[in-house]
Amino acid sequence: MSTNTGSIPVTRVEASRRGAIDFDALPFGRIWSDHMFVASCQDGMWTDGELRPYGPLGLRPAARALQYGLSVFEGFKAQKTPDGDVAVFRPESNWRRLNTSAARLAMPAVPHDLFFDALVELIDVDRVWMPEPHQGSLYIRPTFFCVDDDLMVEPGSGFQFVIMTAPVGPYFGGELGLVTTRRYVRAFPGGTGDIKPCGNYAGTLLATREAQEAGYQNVIWLDGIEKRYVEECGVMNVMFVIDGTAVTPPLEGTILPGITRDSAIVLLADLGIPCEERRISVEELVLSSRDGTLTEAFGLGTAASVAPIHRLGLDGVDVRLEEFEGSVADRLKTALLAIQRGEVEDRHGWLRRL
Ligand SMILES: *Cc1c(COP(=O)(O)O)cnc(C)c1O
């Protein structure tokens with residue numbers, strides 16, 4: 001059935017899959033809502049796009065997205081608020097970052113109105129897929145990639161832009177142990193560590209597997225030059241609490257400018273907790289764990305929000321960290337979730353309510 005809700009044509013699913021899903025036990029990113037948004041761009045001209053059932057795209061095998069990784073993505077969340085609105089957290093920042101990523105791969109920009117009209121309509125058409133506040137949130141995954149199917153290593157001319165959404169449960173961390181690696185680097189100056197191209201992730205998987213074989217869950221990425229300074233953990237930004245001050249590596253071109261990281265820095269100021277953006281060496285972490293001043297480490301990202309780290313493997317030195325009540329991670333997470341859920345005043349203008 002083809003209908004027209006707002007301005008975007010909709011081809012609806014014949015039968016929704018929603019009824020078969022237990023929303024009280026949602027996994028992360030394995031269940032996709034009924035519909036997706038798809039638009040194309042050819043030589044800089046955009047088609048308006050459409051909503052259609054989530055499913056195969058008809059990509060050709062020679063597509064540059066597949067051959068050369070000409071593909072970028074974003075990830076952000078929407079929550080249902082106590083008054084029943086849908087609140088999307090900082091989507092303007094994700095739209096901007098998507099286009100920063102695209103520009104770095106010589107791709108065109110996704111127009112603001114196309115992105116937001118699609119987002120609003122997609123969430124509306126799939127509103128039965130929006131979890132209740134206690135069940136979780138809606139994860140939103142825009143993806144933008146080149147479909148040209150010649151073998152030229154050149155900027156593309158034909159692109160597709162897709163948005164899909166997934167209802168996701170609350171994040172239950174479990175034990176999080178991270179270990180440094182000297183064999184692999186995630187990013188290096190002049191590379192693409194500060195954007196979200198698909199190619200950044202494939203190169204981390206073997207390192208992650210080896211970290212897991214060593215009894216940890218993921219990798220602490222060090223700088224690519226000296227392998228001395230901590231940059232990120234897994235696919236999250238990282239923050240430590242040393243002597244009561246929250247410290248996080250500065251954005252100097254090799255670190256992904258996380259929106260959770262940015263929000264955390266603002267909220268720490270609100271909470272009156274000192275915060276510094278500066279380089280943190282592995283030696284400093286080892287020394288501050290020995291003298292007891294290193295009290296916390298946590299990851300920051302959309303999926304896990306604030307994820308306490310329980311164990312650090314620092315070039316052979318194993319450091320254990322206990323979670324405790326009133327920790328910086330706890331206070332930060334509480335403050336962030338309260339804003340994201342629309343439970344407190346949105347003082348920084350971060351929510352877009354639909
Ligand atoms: C997406 C991502 C993050 C987190 O960014 P958010 O905007 O907070 O979700 C951190 N590090 C890497 C490598 C990422 O890809």
Rounded to 0.05, the calculated FRET efficiency for the beta carbons of Met45 and Leu354 at R₀ = 30 Å is 0.60
Expressed in angstrom, Rg and Dmax over the Cα atoms of the chain are 20.9, 67
note: region 246-332, Cα-Cα separations exceeding 14 Å make up a percent value of 68 percent
Order by accessible surface, 1.4 Å probe, largest leading, for residues Ile31, Ile255 comes to Ile31, Ile255
Charge tally for neighbours of Thr143 with beta carbon under 12 Å away, counting Lys, Arg as +1 and Asp, Glu as -1, is +1
Phi-derived 3J(HN,Hα) across region 33-48 with the Karplus relation (6.51, -1.76, 1.60, θ = phi - 60°), rounded Hz, x for Gly and Pro, is 4, 4, 10, 9, 9, 9, 9, 10, 9, 10, 6, x, 9, 8, 7, 5
Counting only protein heavy atoms and leaving out ligands, DNA and RNA, the solvent-accessible surface of Met107 at a 1.4 Å probe, in Å² to the nearest 10, equals 20 Å²
Once all protein chains are kept in place, Arg17 shows an accessible area at probe 1.4 Å, nearest 10 Å², of 90 Å²
Using a 1.4 Å probe on heavy atoms of the protein chains only, the accessible area for Met152 in Å², nearest 10, reads 90 Å²
Computed over the chain: longest principal axis from alpha-carbon atoms vs helix 328-340 long axis, angle to nearest 10 degrees, is 20 degrees
If each K or R counts +1 and each D or E counts -1, the residues other than Thr293 whose Cβ falls under 13 Å of its Cβ total -3
Taking every other residue with Cβ under 14 Å from the Cβ of Pro274 and scoring Lys and Arg +1, Asp and Glu -1, one gets -3
By accessible area (1.4 Å), largest first, Thr81, Thr245, Thr11 order as Thr11, Thr245, Thr81
Helix 112-125: inclination vs the chain longest Cα principal axis, degrees, rounded to 10, gives 80 degrees
The relative contact order of region 91-225, taking Cα pairs under 8 Å that sit 6 or more residues apart, comes to a percentage of 22 percent
Close lysine pairs (the chain; alpha-carbon distance under 25 Å; 8 or more apart or on separate chains) counted at 5
So for region 1-66, using the alpha carbon gyration tensor with a ≥ b ≥ c as root eigenvalues (a/c under 1.5 gives rounded; past that, a/b versus b/c decides prolate or oblate), I'd call it oblate
Helix-only [θ] at 222 nm, the chain, -39500 (n - 2.57) per DSSP H run of 4+, per residue, nearest 500, equals -6500 deg cm²/dmol
Taking N as the residue count of region 2-168, its alpha carbon Rg divided by 2.2 N^0.38 Å gives 1.05
Judged on accessible area alone, 1.4 Å probe, highest first, Cys233, Cys198 line up as Cys198, Cys233
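The values are calculated or read from the model by the stated rules, or taken from the named source; none is laboratory data. Bear in mind the structure is a predicted one, so any value in this text is a computation, not a measurement. Neighbour counts run over all protein chains shown; Cβ positions are idealised from the backbone, glycine included. For accessibility, only protein heavy atoms count, side chains too; no ligands or nucleic acids. Shrake-Rupley method; radii C 1.70, N 1.55, O 1.52, S 1.80 Å.
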